[in-house]
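Step one of this worksheet: look at the structure below.
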Amino acid sequence: MSRRLFDAIVVGAGTAGAITALTLAEEGNSVLLMDSKEKRSIGKKVCGDALGTHHLKTVKLPFPPNETFKGRIDAIRVYSPSTNYSISVEGEGLALDRLKFGQWLLGMALDKGAELKDRTRADKLSFENGRGAELRTVHTETGSVEHVKSRYFVDASGVNGILRKQIPETVGVYRQIPMQDLCVAYREVRRVEKVEDTKIGRIFLDEEIAPGGYWWYFPKDEHTLNVGVGLQGGRGANPKNQLKRIVNERSDLRDSKILDAGGGIVPTRRSMYTLVAGNILFAGDSACTANPMHGGGIGSSMIAGRVCGQAISEALDSPQEERAKLWEANRAYVKMYGAKAASLDIFRLFLQAVTNEEIEFGMMKKLVTDEDIRNLGYGTGGLSIREKASKVIRGISKPGVLGNLAVTAKYMGRIKREYEKYPDYRDFPAWVEKVEGIFREYSSRYLRR
Ligand SMILES: Cc1cc2nc3c(=O)[nH]c(=O)nc-3n(C[C@H](O)[C@H](O)[C@H](O)COP(=O)(O)OP(=O)(O)OC[C@H]3O[C@@H](n4cnc5c(N)ncnc54)[C@H](O)[C@@H]3O)c2cc1C
């Protein structure tokens, strides 16, 4: 057993873990970063590879070096099921080389003094006096077992949340993520003859192809595309088969060559109500920090990593104020991302309940505008259903779930206001109960046909 006591052990060296380790190491703390992958594969991930550059500013990262991305996009265009109508959301984005981007983040953390244990799988966490104390690890090649000790632990192990599953029942922590709140995805990177417009990423809403989700068509460069299907868990469809359908139907994809292929899962529900459980913190997919509406989670995983790293560092400096200092991770995260994500979760539930016909009609009538979607995306405003749109909705003979668009906007506002009152840890259980109550009320009243 290693006799060393680390200030923090970070499990998982993806985007969340690398930024957590970087933040802790920058502040001079001793950090052990572990990953089951070997060092040179850290960062590799089945992903759509798209990252809005505004996230880099939020987490105070420099602009990444050229080799970490393949291209730039200026906008995402969202299409109706018939593809006759679309909404454009402008904003600079990068088509990342995930491996190189991940290696860049890892390199920065190691340069600042974080120690890496690669090919090491975190296994069982032991507790002493209710606190995480010692982690059993297994070498992925030799099978050798070690035990490592730390003052703090960060679960940045992705959707499976290896530590999250082991902690005692804690208010606000999801031990299991419900199936319907997972996005099951499959994507291929394909070499095509020519990408039509390398500056536009495309998202297609189509309940027949991607029930409860969407399929995407993201250019990487003039000849390379990242195409994939993400659908709601539990809906019975297989995203790989659905992508096969798309490829067969599209002449630009039919004869293209697969360069890489694979599937993955992203949690698409509001982030966990707390990123803190005792001396264990959660960042990234393990804390459901991806955007509930579109599943983009690189940026928000880095935000969570930053705030967790900062909070631990502060707690190490002021151990007598540990609880309050750690809680700052929640306050900062909610302000930077969590409030927006929770409000978008209402909209996600709405989108998963409407039919193709309703989406088509809503987009044709511009019930939701480009500006609304941009505001929602950047968290700069809510969904404002204008009088003109309300009239159209009132005029629908069989309004269905679409008829609840205006009330959906109100619930989004309600949730945002609740998050603006994010409590301290003493009032937290009552606050969680209240927020859960609002979600229950919305789902039971407005999502049923
Ligand atoms: C198909 C698909 C497409 C996506 N497209 C996009 C997109 O275009 N844009 C976007 O922003 N987001 C996208 N996402 C979401 C995004 O990839 C994730 O939200 C983000 O990568 C989460 O980062 P993370 O660090 O939390 O987790 P991960 O990237 O999953 O990293 C977790 C790390 O932990 C390690 N690990 C796991 N268990 C253990 C263990 N027991 N011991 C040690 N190490 C362990 C893993 O090896 C891994 O390196 C997509 C996801 C999928 C599946």
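The values are calculated or read from the model by the stated rules, or taken from the named source; none is laboratory data. Note that this is a predicted model, so its numbers are computed, not measured. In this analysis, Cβ positions are derived from the backbone assuming ideal geometry, glycine residues included, and neighbour counts consider all displayed protein chains. With ligands, DNA and RNA removed, areas are computed over all heavy atoms of the protein, side chains included. Shrake-Rupley method; radii C 1.70, N 1.55, O 1.52, S 1.80 Å.
Note on the range 143-199: residues that are at positive phi and surrounded by fewer than 21 Cβ atoms within 10 Å (Cβ to Cβ) amount to 2. Within the range 4-22, the set of residues being under 9 Å from MET34 (Cα atoms) and part of a strand (DSSP E or B) comprises ILE9, VAL10, VAL11. When each of ARG187, ARG131, ARG151 is tested for being at pLDDT 95 or above and within 11 Å of the ligand (Cβ to nearest atom), the lone residue that passes is ARG187.
For the range 241-275, the set of residues classified as within 28 Å of ALA287 (Cβ to Cβ), of a type outside the set (Ser, Thr, Tyr) and either crowded, with 18+ Cβ neighbours inside 10 Å or not assigned by TED's automatic domain parsing to the domain that holds PRO211 (or both) consists of GLY264, ILE265, VAL266, PRO267, ARG269, ARG270, MET272, LEU275, listed by residue number.
Residue check: is GLY299 in contact (Cβ under 8 Å) with a residue 12 or more places away in the chain, within 17 Å of the chain's Cα centre (by Cα), outside any helix (DSSP H, G or I) and not assigned by TED's automatic domain parsing to the domain that holds ASP427? So GLY299 does not fit the description; no.
Results for (1) near the ligand (Cβ under 9 Å from one of its atoms); (2) small (Gly, Ala, Ser), shown as yes or no for each residue.
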position: LEU253; (1), (2): no, no
position: SER256; (1), (2): no, yes
position: ILE280; (1), (2): no, no
position: SER286; (1), (2): yes, yes
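Taking the stated definitions as given, is LEU231 closer than 23 Å to SER443 by Cα, in a strand (DSSP E or B) and open to solvent by less than 20 Å² (accessible area, probe 1.4 Å)? So LEU231 fits the description; yes. Within the range 371-415, the set of residues being modelled with pLDDT under 80, among the polar types (S, T, N, Q) and in contact with a Lys or Arg (Cβ under 9 Å, 6 or more places away or on another chain) comprises just one member, THR380. When LEU96, LEU105, LEU125 are checked against the criterion of being open to solvent by less than 30 Å² (accessible area, probe 1.4 Å), under 16 Å from VAL10 (Cβ atoms) and near the ligand (Cβ under 10 Å from one of its atoms), LEU105 stands alone in meeting it. If only residues of the range 65-78 that are more than 22 Å from the chain's Cα centre (by Cα) and touching a residue at least 12 places away in the same chain (Cβ under 8 Å) are counted, the one that is most open to solvent (accessible area, probe 1.4 Å) is GLU67.
Here LYS57 meets each of (1) under 12 Å from LEU96 (Cβ atoms); (2) more than 14 Å from the ligand (Cβ to nearest atom) with one exception, condition (1). Out of PRO81, PRO62, one residue alone is surrounded by fewer than 21 Cβ atoms within 10 Å (Cβ to Cβ), under 30 Å from THR355 (Cβ atoms), away from the ligand (no atom under 15 Å from the Cβ) and not charged (D, E, K, R). It is PRO81.
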